[in-house]
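Derivation of every value follows stated rules applied to the coordinates shown; laboratory data play no part. Remember, predicted model here, so these are calculated numbers, not experimental data. Cβ sites come from the backbone with ideal geometry, for glycine too, and all protein chains shown count toward neighbours.
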Amino acid sequence: MAGEPLAKVHPVGGFGALMTRLEGRIWRDQRSRGAAYAAAGVAVGAVGGLLMRSTTSAVALTAAGRELRSVALGIADSLEGGDIEAARAELPRLVGRDPSELDASGIAAAIIESVAENSVDAVVAPAFWAAVAGAPGAAAYRAVNTMDAIVGRKDERYLRFGWAAARLDDMANYVPARLFAALVAALRPRRARAVWTAIRDDAPAHPSPNAGVAEAAVAAALGRELGGPLRYGTQQENRPRLGVGPRPSTDDIRPAVHLASQTELLLVALALLAWLLERSRSSH
């Protein structure tokens with residue numbers, strides 16, 4: 001789990017700046033323009049992956065699990081120290097919801113939900129698409145995910161223009177989200193039945209076909225309830241309840257981060273095993 005490159009030299013940051021400039025040039029309130037934008041971004045990502053050549057390097061550059069967990073633990077430190085205002089100030093680094101009225105439990109829930117969802121985006125999906133299509137697959141996936149972050153919002157400007165990028169992101173994360181849930185169940189076998197029950201019964205009501213799966217899996221693995229009402233700016237959103245149990249507390253953040261770290265380690269172990277088996281077969 002090597003650290004990610006510094007933000008100012010990270011190629012994902014450069015790609016984001018490029019696509020922001022492209023959006024400024026071609027934006028129209030049309031799905032067709034958004035589809036052209038998304039196609040251009042995927043092409044740029046795939047070509048970048050081809051130029052990298054090394055699949056391992058591509059995964060290292062497109063994954064960001066360590067940074068995700070570091071930010072989550074930093075906010076946990078603030079909560080554990082009793083500084084809820086600092087925790088509220090730091091929370092937007094992980095989530096887009098309004099933190100101003102969140103208590104410690106609400107902040108803990110937001111962190112755990114972000115760790116679950118972003119473990120798919122930042123860890124499992126890059127590895128999955130690298131396994132499917134090598135370095136171009138990993139880089140193209142990161143391009144899709146970055147474009148979704150830039151234009152995938154359902155506001156007046158992006159409802160139509162961002163539609164293609166958002167749908168591509170949903171499709172690209174469909175299998176990785178369920179792979180993440182399977183890893184969670186494997187790591188917490190005593191909670192495996194609860195994990196699958198939460199995915200079956202609770203996740204379908206979530207507005208995201210993938211975030212709901214990841215969040216429900218982690219909620220059930222921890223024996224906690226996630227979801228519920230939240231606020232984005234002036235907009236109130238009533239998310240479904242995920243899992244069965246008490247609402248999260250500050251004490252649940254570190255176990256959630258530890259679970260995310262374990263899923264990454266298990267994923268690496270499985271990838272290494274697959275590589276060794278393939279090498280063994282090819283040598284005979």
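Quick check: residue separation of Thr234 and His258 times 0.36 nm, minus the Cα distance between them. What number comes out in nm?
Length gained, Thr234 through His258: 5.3 nm.
For the pair Arg93/Met171, report the inter-label distance in nm, with labels modelled 7 Å from Cα in the Cβ direction.
My value for the distance between the label points is 3.5 nm.
If each DSSP helix of 4+ residues adds -39,500 (n - 2.57) and the sum is divided by the residues in the chain, what number results at 222 nm, nearest 500 deg cm²/dmol?
Mean residue ellipticity at 222 nm (helix-derived): -22500 deg cm²/dmol.
Could you give the nm distance between label points at Arg190 and Leu273, where each point is 7 Å from its Cα heading toward the beta carbon?
Modelled inter-label distance: 2.3 nm.
Rank-order 127-135, 234-242, 219-227 by packing density, defined as the average count of other C-beta atoms within 10 Å over each peptide's residues, highest first.
Packing proxy ranking, top to bottom: 219-227, 127-135, 234-242.
Mind ranking 188-201, 24-37, 248-261, 268-281 by how tightly packed they are, going by the mean number of other C-beta atoms within 10 angstrom, highest first?
Output ranking for 188-201, 24-37, 248-261, 268-281: 248-261, 188-201, 24-37, 268-281.
What is the extension gain from Arg31 to Leu73, computed as 0.36 nm multiplied by their sequence separation minus the C-alpha to C-alpha distance, in nm to one decimal?
Between Arg31 and Leu73, full extension yields an extra 11.2 nm.
From the C-alpha coordinates alone, can you work out the Kirkwood hydrodynamic radius of region 207-284, in Å?
15.2 Å
Any idea what log10 I(q)/I(0) is at q = 0.17 Å⁻¹ for region 1-122, Debye with uniform C-alpha scatterers and no solvent?
-0.98
Taking N as the number of residues in the chain, what value does Rg over Cα atoms divided by 2.2 N^0.38 Å take?
Against the compact-globule rule of thumb, the ratio is 1.01.
How big is region 33-74 along each principal axis, measuring the range of its Cα positions in Å and listing the largest first?
39, 28, 8
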